[in-house]
Each structure stands twice: as C-alpha cells, then as structure tokens.
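What follows is a short report on a single structure.
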Amino acid sequence: MNARAEALAKMREPFREQAQKSMELYREFGGTAPDDAIETGINALWLQSVTDGSESYKTYLVSPLWRVITQDVLLRDGHMCAACRRDAEVLHHRSYRYEVMAGLDDERLISLCKPCHNYIHFHESKKIPKERWEKRLRDLQKLFIKKDKSANIKKVN
Ligand SMILES: [Zn+2]
Ligand SMILES: [Zn+2]
C-alpha cells in the first residue's frame, strides 16, 4: 500500500462500525444492497466528516494524507503559483468530491501562493462564496499571465 492509501485507510476506519450498523438496520427492514455498500457508506461518512464544519476540515488539513497530497501536487506544479507564477506554498481545492479529498484525483487541485489563495477566498476580510472562486482565479490569471497560454487553467466541473 502506498502512503496515500495507507493514510486514507486509517482515516476511513473509524466510520466502519457506523456504516455496518446502518447496513444491518437497512437489511432488517428488508433492504437489499450491493456487496460494496458498506465501503460506499464509509466513504460517504468520511467525506461528510472532512468537508462539513471548519473543525473537521482543519483536522484534514493537518493529516498525513493531506501532507502527502500537498507535496506531490507542489512537485507536479514545479512549486509555481498557478495564478501569478511566484513560489507556491498551498493547494487550492477546485472540488470537494470524494476522489479529490481521498487523494485519488489531483486534477482538481492547484498550487497557489498565499496571497493569491487569500484573494480567491477572501476580500477585505470578507469570505468569498465558493461559486465565485473560479472567476477570481481567472481574474488573477488574466492579471498576471494573460500572454502565456500554456498556463491557462482548464475549467472544472
Ligand atoms: Zn500567486
Ligand atoms: Zn482554496
């Protein structure tokens, strides 16, 4: 098992009992489910735990899994901010889907410097709604690298 899979397995494990209990209850009431239903249930519980509320998300951001993902993606991007091309220090999530959070899909993660990342999320200490992050990212790119087509960021779904 690689470092990501190992770290993910450790984080998912505490949700196994809850997923199993839910499934037992479901079957008692005559429900039928595929064999992988418990694994799917664990995924859902884990995803909910790392994306809802700021405390659990903060815990995710200091987890071994996120540390490995950050190292890999910064390396992939040559430690260069996707917006201004200065030194990147942080990753920005363009999606909070299971695959992205679990480290199974890095395509929706980009390296940014702290000022650009703060600009995307905050403005004059006001939190920017998620729907507007993509636009702010594009605005930054236009500002810094409008002539460099190779640095264009693809739209994500
Ligand atoms: Zn930047
Ligand atoms: Zn971000």
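The values are calculated or read from the model by the stated rules, or taken from the named source; none is laboratory data. On a predicted model such as this, the values are computed, not experimentally measured, just so you know. Glycine gets a Cβ as well: all are built from the backbone with ideal geometry, and neighbour counts include every protein chain shown.
Candidates in the stretch 88-123 are the residues that are more than 16 Å from ligand 1 (Cβ to nearest atom) and among the acidic types (D, E); of these, the one that is farthest from L137 (Cα to Cα) is E99.
Being within 16 Å of ligand 1 (Cβ to nearest atom), assigned to a loop (DSSP other than H, G, I, E, B) and not charged (D, E, K, R) is the filter here; which residues of the stretch 41-87 pass it? If the condition is that a residue be within 16 Å of ligand 1 (Cβ to nearest atom), assigned to a loop (DSSP other than H, G, I, E, B) and not charged (D, E, K, R), then G78, H79, C81, A82, A83, C84 are the ones that fit. Filtering the stretch 24-34 for residues that are modelled with pLDDT of 95 or more, exposed (fewer than 13 other Cβ atoms within 10 Å of the Cβ) and of a type outside the set (V, I, T) leaves an empty set. Checked against (1) closer than 30 Å to T40 by Cα; (2) away from ligand 2 (no atom under 14 Å from the Cβ), L109 passes all but a single condition, namely (2).
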